[in-house]
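Working notes for the structure below.
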Amino acid sequence: MSFITQERLISGFGVLFLCASSPMASLAKASELSSNIKMGGIPTICHLQRLKTITDPTKQVSILALQVRRYRLANQDRLILQLVNGMDKKQFPEIQAEELIQFAYHYLEVKEPEKAVSVLNQAFQLLQNDLSSIIDNEQYRLQTLFFYREKYDLLASLGMLFIEAKQPELAEASLLQGLNIKQQKLNESPRDNVEYMVKIAQGLFALGKQEQAIALLDKSLEVIQSLKKSNSGRDRQEWLILLNNLSWEYRAIGKVIKADQLFSQSLDYANSFSNPVSKVWWLSIIAERTYFPPSESNSTDERQAKLKQIFGKILQTVRSNQSTEMTKFITYALAAEWLQFSGVESAMQIVNTVADPVERFKVVSPILENIRSENANKDIDLLVPLLQEAESIARTIPSNTDRDQAWSVIANTYAKLGQSQTALQKIDLIQSMEQKQQALIDVADNLARNLQPDLALSLVRDLPNNLVQQVLYDSMLSYLKNGKLETALSLQGRLSQDYQKFTLTNLAEASAKAGRTTQALKLLQQITETRWRSETLISIVNQSLNVGDLDRALVFAQQMPQSSEVDISSKSLFALEEIAIAYAESGQYDKAIQVSLSLQDPSISQLAICAKRSP
C-alpha cells in the first residue's frame, strides 16, 4: 500500500540494484520510453572518435552513457551494440559489460538463447581484464560509479544469466569469480556482504551445488550473528531482518530444520523484552519480513502459518498491556504495515483493543487520510472493508464534533476512490454546517485530483473564490492532463495572484505541447523566478525533443535566462548540446554545426562535421 515506507520495502535479498534514473536503463524498460528523433545520422565511428578526443575520463564515461540513453529512447538497440563493439576493450569495460548484459536479458526474453550466450561470453571476456590497472584513480571511480556497477556485481548477474541460458560451467566460473573479488573488498557493510553471498548461494544451488550453497549461507550466518553483539539498536534490527531472511533461504534449499531454528531464534529475541511496546515492535519487524520474504518462491502456506503465529503473540501482548503508549504504537504500526500483512479482519482485532471510539477511530484515520488518489485503486481490496469498519466506529462516537470529523475523513476517502456519490452521502451525515462546507471543499479537491474537475467545480459553484482556490488550482491541472487547454485557461482569472504564479509553468508547458509557441513564451515571461522559468524551459525543450520537434526545442532553449547559478547554466548548455546532436542524428548537419558553434564543447561540432563528411 502507499503508506508502506520505501526503506521497508527494499530490504529483501536478491534485488538487482539499477538506478532507474541512470542512463543505463534496461532493455526491458526501453519499450516504455519513446522518441521521434531519428538515430543513425551520426555514424558510430564518429561517436567513437569523439570519445577518443576527450581527455577527461569522467566526461568520457558521461558522454558514452548519454549516447547509450539516446539510442535506448529511439529503440536503436543495434546501434548500441555497434558502439560497444567498436570500443577499445579496456575502455570502460564495466559499461560495455553492462550493456551486453542488458542485451542478454532481451535475447532470453524473446527466446533467442544463442544470441544471449554470444553476448554473455563477450561480457565475460571483457571482465577478465585487470580493471585495477585500467582505473586506478579512486576519485575517478567514485565520480563515475553512477554509470556502472562493480565488477563483482556484474559477474553475479552474468552467472545467473548463464544459468538461464543453460551454460553451467560459465555460470559457476562467473559466480565464484565474483565471490572471490567481493571477499577481497574491505570496509563493506555486513548487510551488503550477506546479500551478495546469498545471491551467489542461490546461483550455486540452481546449479546443483547444494553443499557449496549451504557453506555460503553458513558463512553469511556468521557475519549476521556479529551484528547481534552490537550496542546499536539499528544493528540489532539489521540482525533480526537478515536472520529472518536467511531462514527463508535455508528453507528454499531444503534445510528446513535450520530454517525453523533461525526463525525461533528471532521470536525468542522479541519475546525477551520486558517492555510490552518493545516486544510488539520487534515482533512487528519479524512479521513484516515474513510478509515480504526474500523471493516469490517463499510465498507458501508455511509463510501464512508463521504470520498467524506472530500475529497471535502481538495480539496477546497488546490485549494484556493496554496503555496510552501502546495505543500510539498501534496507530503507527497499523498505518505502517499490520493492515497489509494481517488483513483487515485481523488488524481490527488490534484496533478494537482501544476502548474509546474516538481514540479507536484515530488508529484507523491516518491510513485513510494518507491514501493518495493515484494509488487508491491499487489498495481497493483493503480500503473498502476498512472503510466499512471506520463507518461502524464513527456511528458509536458520542460527540458531534468528533463524529463530524470522522465522517469528513470517510467522505474524503470515498472521493479519493472515485466514489463521488457515496462521498456526498457521507457529507450529509455531518451536523455542523461549517464542517460540512469544509468537507465539501475537501471532497471537491479530491475529485479534481482524481481527474473529475467538472464534478468538483459543480460542488463548489456556490462558494466564494477565496474558499475554493485549491479546488480551482487542482481542477486546472486536471483539465491540462485531460488535454483541455482552453478550459484550463478560463480558470486562470479566478485564481489569486499567488495561485496564478504556480499555474504559469503548467500553462506554459501545455501551450508549448499544443504548438502555441507565442502563447507559451508570453506565459514564460510572466514567471519572475529565474529557477522556475529555467526548469520550465528545460521541460519544454525535453518534451519537444521527445516528439522530434527540434526547431521548437531550439526556440525555447534560446530563451534560457542568464544565471550565475552553475546548475541552471549547465542545464542550458546541456539542452543546446542535445539539440545539436539531435539535428546531426536526423541528418540536418549544417543546423547542427550552427548550434554547436555557440557551445563550450568543441567535440560536438567535430561530431557533426564527421557525420557530414561520412559516406
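The values are calculated or read from the model by the stated rules, or taken from the named source; none is laboratory data. What you are looking at is a predicted structure, and each value in this text was computed from that prediction instead of being measured. A quick note on method: Cβ atoms are made from the backbone with ideal geometry, for glycine too, and the neighbour counts reach across all protein chains shown. Accessible surface areas use protein heavy atoms only, side chains included; no ligands, DNA or RNA. Shrake-Rupley method; radii C 1.70, N 1.55, O 1.52, S 1.80 Å.
By accessible area, using a 1.4 Å probe on protein heavy atoms only, segment 163-202 has 49% of its surface on carbon and sulfur.
For segment 338-373, the residues whose amide N sits under 18 Å from a probe point set 7 Å from the Cα of residue 304 along the beta carbon direction are 339-347.
Sort segment 503-615 into rounded, prolate or oblate with this rule: let a ≥ b ≥ c be the square roots of the eigenvalues of the Cα gyration tensor; rounded if a/c is under 1.5, and if a/c is not under 1.5, prolate when a/b is larger than b/c, oblate otherwise. Oblate, since a/c reaches 1.5 and b/c is not below a/b. Restricting the calculation to Cα atoms, segment 301-436 shows an Rg/Rh of 0.99 when the hydrodynamic-style radius is the Kirkwood one. Computed 3J(HN,Hα) for segment 522-539, one whole-Hz value per residue from the Karplus formula 6.51 cos²θ - 1.76 cosθ + 1.60 where θ = phi - 60°, is 5, 5, 5, 5, 7, 7, 7, 7, 4, 5, 4, 5, 5, 4, 5, 4, 4, 4, glycine and proline marked x.
Grab the beta carbon distance between residue 234 and residue 490, set R0 = 41 Å, and tell me the FRET efficiency rounded to 0.05.
Calculated value: 0.15.
The 3J(HN,Hα) values that the Karplus relation (6.51, -1.76, 1.60; θ = phi - 60°) gives for segment 114-127 are, in residue order, 4, 5, 4, 4, 4, 6, 5, 4, 4, 5, 4, 5, 4, 7 Hz. Gly and Pro appear as x. Over 24 Å apart at the Cα level, from the set 59/199; 279/308; 111/166; 308/426; 228/362, are 59/199; 308/426; 228/362.
For the chain, the relative contact order is 12 percent, taking Cα pairs closer than 8 Å that sit 6 or more residues apart in sequence and dividing their mean separation by the residue count. Binning all Cα-Cα separations of the chain at 20 Å, short to long from zero, yields these whole-percent fractions: 16, 37, 39, 9, 0. Across segment 399-558, the relative contact order, built from alpha-carbon pairs under 8 Å that are at least six residues apart, equals 12 percent. Once you order the gyration tensor axes a ≥ b ≥ c over the Cα atoms, which shape class does segment 395-467 get: rounded for a/c under 1.5, otherwise prolate or oblate by comparing a/b with b/c? Note, shape of segment 395-467 comes out oblate.
The slack in the chain from residue 332 to residue 428, taken as 0.36 nm per residue of separation less the alpha-carbon distance, amounts to 31.5 nm.
Adding -39500 (n - 2.57) for every DSSP H run of four residues or longer, then dividing by how many residues the chain holds, sets the calculated 222 nm ellipticity at -22500 deg cm²/dmol. In terms of overall dimensions, segment 200-239 has a Cα radius of gyration and Dmax of 13.2, 40 angstrom. Accessible surface computed residue by residue for the chain, with neighbouring protein chains in place and a 1.4 Å probe, gives 47 Å² per residue. Here the Karplus curve 6.51 cos²θ - 1.76 cosθ + 1.60, taken at θ = phi - 60°, turns the phi angles of segment 578-590 into couplings of 4, 5, 4, 5, 5, 4, 5, 4, 8, x, 8, 5, 4 Hz, with x standing for Gly and Pro. Shape class of segment 193-345 from the Cα gyration tensor (axes a ≥ b ≥ c, square roots of the eigenvalues): prolate, since a/c reaches 1.5 or more and a/b is larger than b/c.
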